[in-house]
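This report concerns only the one structure given below.
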Amino acid sequence: MTVIETKLEGCFIIEPKVFEDKRGYFFESFNEKEFQKLTGTNTNFLQDNESYSIRGVLRGLHYQTGIHAQAKLVRVIKGSVLDVAVDIRKNSSTFGQYISFELTEDNKRQLFVPRGFAHGFVVLSDTAIFAYKCDNYYNKESEGGIIYNDPSLNIDWKLPEESLLVSEKDVILSKLENAKL
């Protein structure tokens with residue numbers, strides 16, 4: 001695997017080594033020893049999640065606080081998404097900045113989102129299956145979020161706002177300046 005650093009400290013793009021031939025392809029989607037060696041992290045994933053969504057579904061921007069904060073390793077199994085991570089570490093030199101990458105079934109890229117970041121994605125293809133590993137269990141009392149269209153972030157979601165499908169829960173999230181961090 002190849003690890004590519006991003007402008008946000010601790011966030012990495014992971015590119016697996018893919019073996020293809022006329023039968024199809026094979027790749028190792030996760031190897032703890034290699035991951036920890038190449039990223040310098042000591043992340044121990046405890047839970048895997050998967051979602052299925054249609055074009056325009058926007059999930060996020062979500063995070064968990066305190067002892068229930070989560071690091072995530074995310075990837076697309078089917079389709080294409082724009083994946084976004086926002087630095088919400090108050091003492092970080094990149095606080096309030098974000099990165100976005102297209103993750104697809106073809107490029108097989110993964111994004112590692114460390115603790116202290118909000119995370120979200122929007123589906124760019126007709127449908128998408130999105131998978132992520134978490135290093136901590138979900139805790140409802142510790143969940144937080146930032147509204148996807150916060151003007152201070154100015155995220156380009158690559159789709160017209162009127163075509164976005166956002167849950168009732170996500171459409172009432174706070175702006176970054178009012179978020180419980």
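Just so you know, all these numbers are worked out from the coordinates, no wet-lab data involved. Everything numeric here is computed off the predicted structure, so don't read it as measured data. Cβ atoms come from the backbone with ideal geometry, glycine included; neighbour counts cover every protein chain shown.
Looking at region 112-128, is at least one residue over 18 Å from residue 72 (Cα atoms) and in a helix (DSSP H, G or I)?
no
Among the candidates 92, 100, single out the residue that is out of contact with any Phe, Trp or Tyr (no Cβ under 9 Å at 6 or more places or on another chain) and not charged (D, E, K, R).
Answer to the selection: 92.
Over 30 Å from residue 151 (Cβ atoms) and either surrounded by fewer than 19 Cβ atoms within 10 Å (Cβ to Cβ) or under 14 Å from the mean Cα position of the chain (by Cα) (or both), is that true of residue 88?
no
Being among the charged types (D, E, K, R), assigned to a strand (DSSP E or B) and surrounded by fewer than 12 Cβ atoms within 10 Å (Cβ to Cβ) is the filter here; which residues of region 4-24 pass it?
Answer for region 4-24, where residues must be among the charged types (D, E, K, R), assigned to a strand (DSSP E or B) and surrounded by fewer than 12 Cβ atoms within 10 Å (Cβ to Cβ): 5, 20, 21.
If you take the residues in region 25-79 that are hydrophobic (A, V, I, L, M, F, W, C) and in a helix (DSSP H, G or I), which one is surrounded by the fewest Cβ atoms within 10 Å (Cβ to Cβ)?
That would be 67.
Per-residue answers, yes or no, for (1) under 27 Å from residue 90 (Cα atoms); (2) out of contact with any helix residue (DSSP H, G or I) (no Cβ under 7 Å at 6 or more places or on another chain):
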site: 18; (1), (2): no, yes
site: 21; (1), (2): no, yes
site: 26; (1), (2): no, yes
site: 39; (1), (2): yes, yes
site: 44; (1), (2): yes, yes
site: 50; (1), (2): no, yes
site: 54; (1), (2): no, yes
site: 64; (1), (2): yes, no
site: 68; (1), (2): yes, no
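Considering only residues that are in contact with a strand residue (DSSP E or B) (Cβ under 6 Å, 6 or more places away or on another chain) and surrounded by 13 or more Cβ atoms within 10 Å (Cβ to Cβ), which ones fall in region 160-181?
Passing the criteria: 164, 165, 166, 173, 176, 179.
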